[in-house]
Each structure stands twice: as structure tokens, then as C-alpha cells.
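The structure appears below as C-alpha cells.
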Amino acid sequence: MAEESFAPIFDSLGTTSSRPIRTPKTAELVALRLRRMIVDGELTDGDRLPHEVELMEHFSVSRPTLREAVRVLEAERLVEVRRGSRSGARVCVPGPEIVARPASLLLELSGATVADVLVVRQAIEPHAARLLALTGSDTEFDELARMIDEDIPASYLANKLSAGAAAFHLRLVQLCGNATLSLLAGMMHEIFERHMEAVTAQKSLVDREKYEASYQLLVRSCRRLIKLLRAGDVDATYDHWQQHVTVSRASLLVGHESTQVRDILN
């Protein structure tokens, strides 16, 4: 009776039902445990893994198995191993850059344009600004204000306005408290900064008045944003930054409507 009741289930699985379930290798299980320790914060950025002998005893594994586990984490860029060093492996918690390059490559291969990237930015940043207005602290607002008063003017004077502006946009999202939005912004950061650099560099060389006007507009808009953030005006913050990124997108796309991501990164 039991065999008859289970038969349709196995039949629905098709040929895959005859494939054995792979048992994880011991090294994979050790890597899983160490990875979990990093994710849970038991091991933090810069920490050294315990000595090989200690880890071998702790996990009851051989040296080759342990080294294979460490190689798995090294391939994931969760640890850094200096060959020939007796200090062992060091934990290095990755940032958005770990996925930024593969993501950029996929965008290049798909023929994505700068317009595509700016649409993503336009979708992310106003929501991040809204979240920041809702949950942000004076310390976070002060950090953004300092960037407006110091970093952006310094980048402007060095004819690198793009670097200061891009950093402000990225930090705004990072401070909103949403890890997913921060990751997406980090992935797009290099593309956005490089394109903005090309556009602003052209303005600074060809039309200094337009370069100056762009700088003044950026500073006024960012200061308005800080004022709204401090007031906790969620809706006005969203509306203002939505308008900011919309105007910015239009400006950055003039003459670059069909520019592809690969044209920027190569």
C-alpha cells in the first residue's frame, strides 16, 4: 500500500529520482561553519583564524581537509591567505565591490546602456532618502552635511566634481539602513561615477560656466535635502530627491542616450 501511494510522487520526479543525493564533503562542512561564524559576527573583519592545529582539533579534521575549507572561503573572498606567512588566514568581510565587477560584466555583455543604470538609480535613491528621513539620526545627517561643506567643494576645486557627487549619492543610500538598497547602489557606483566624470570633465574644459552652474545646483539641492531630513519630512524628502535624480538623469544623458556600459568601463 505504501509503495503504491509513493509511486506517483517518484514518477513525477522523472529521471532525477534515480540520481543519488550528494553528501557534502567534510571540507565544505567546515567552510560552512566558518562562513556562518563570519556572518554571525563571531569572526569580524581583520580577525585572524585560529592556528591550523587548533582548527584541526576543533573540527576533528586533517590538515588537507582544513586547507581545502580555507581555500573555499578564499575563493569567496571571505578570507585572505598570505602564502609563506605564519600568521594564517585573515578574515576580510567584502563590500559591494565583490559583486560590482561581475554585475558590470553582465551589464556589458547584455548591452545595457547608461540610461538603464540611471533608471535604477532613480528608483533607489528617493526611497533611500525617505527611509533616512524616517529613521536617520543627527550624526548621520551631520556626516552628509560635512560632505556637502567639505568633500564636494574639494572635489569641485580639483576638477573632480563627479567623485564628490557620486560619493554623496552612495553614502545617502548606505545610511538609509536598508542593506539591499545599499548593495544595489554599491554595484552601480563605479558605472555612475565614471560616466559622471566624463560628462563633468567635458563641461569643465569646454564650458566653465556650465560646470560652475552644475556645482552650485548640486550644493543647493543637497543642502535642501539635509534640511528636509532634519525636519523628518518624509514625503517632502522623497519628492525633492525624486526631482533631483530626475533632473540629474536628464542632464547626464544629453548626448549619451545610447552610450553603453562597456563604453564606460573599457
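The values are calculated or read from the model by the stated rules, or taken from the named source; none is laboratory data. Just so it is clear, the model here is predicted, and its values are computed rather than measured. Reconstructed Cβ throughout: ideal geometry from the backbone, glycine too, with neighbour counts over all protein chains shown.
Let's see how each residue does on (1) touching a Phe, Trp or Tyr at 6+ places or on another chain (Cβ under 9 Å); (2) more than 30 Å from Leu34 (Cβ to Cβ):
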| position | (1), (2) |
| --- | --- |
| Ile98 | no, no |
| Thr113 | no, yes |
| Thr139 | no, yes |
| Pro153 | yes, yes |
**Asked** Going through the stretch 215-265 one residue at a time, which ones are touching a Phe, Trp or Tyr at 6+ places or on another chain (Cβ under 7 Å) and modelled with pLDDT under 95?
**Response** Tyr215
**Cβ-Cβ under 8 Å pairs, at least 6 apart or on other chains, the stretch 253-265 side touching a residue at least 60 places away in the same chain (Cβ under 8 Å), far side among the acidic types (Asp, Glu)** = Gln260/Glu108; Val261/Glu108; Val261/Asp116; Arg262/Glu108; Leu265/Glu108; Leu265/Glu190
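Please specify each residue of the stretch 26-63 satisfying the condition of being β-branched (Val, Ile, Thr), in a loop (DSSP other than H, G, I, E, B) and crowded, with 17+ Cβ neighbours inside 10 Å. Spell out how you get there, then give the answer.
Our first condition is that a residue be β-branched (Val, Ile, Thr); within the stretch 26-63, this holds for 26, 30, 38-39, 44, 53, 61.
Within this subset, residues satisfying the condition of being in a loop (DSSP other than H, G, I, E, B) are 44, 61.
Of everything in the stretch 26-63, just one residue is β-branched (Val, Ile, Thr), in a loop (DSSP other than H, G, I, E, B) and crowded, with 17+ Cβ neighbours inside 10 Å, namely Val61.
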**Among (1) crowded, with 19+ Cβ neighbours inside 10 Å; (2) within 21 Å of the chain's Cα centre (by Cα) - the single one Ile148 does not satisfy** = (2)
**Request:** Taking the options Arg48, Arg71, Arg101, name whichever one is within 29 Å of Ala179 (Cβ to Cβ), of a type in the set (Lys, Arg) and in the same structural domain as Lys227 (by TED's automatic domain parsing).
**Result:** Arg101
**Message:** Can you tell me which residue is nearest to Leu229 (Cα to Cα) among those in the stretch 118-145 that are surrounded by fewer than 19 Cβ atoms within 10 Å (Cβ to Cβ) and small (Gly, Ala, Ser)?
**Reply:** Ser137
**Request:** Report, ordered by the first and then the second residue, all pairs with beta carbons closer than 6 Å, sequence separation of six or more or different chains, a first member in the stretch 160-184 that is surrounded by 18 or more Cβ atoms within 10 Å (Cβ to Cβ), and a second member that is in a helix (DSSP H, G or I) and charged (D, E, K, R).
**Result:** Ser162/Glu193; Ser162/Glu197; Gly164/Asp151; Ala166/Glu193; Leu175/Glu140
**Prompt:** Of all residues in the stretch 219-266 being acidic (Asp, Glu) and part of a helix (DSSP H, G or I), which is nearest to Ala123 (Cα to Cα)?
**Reply:** Asp239
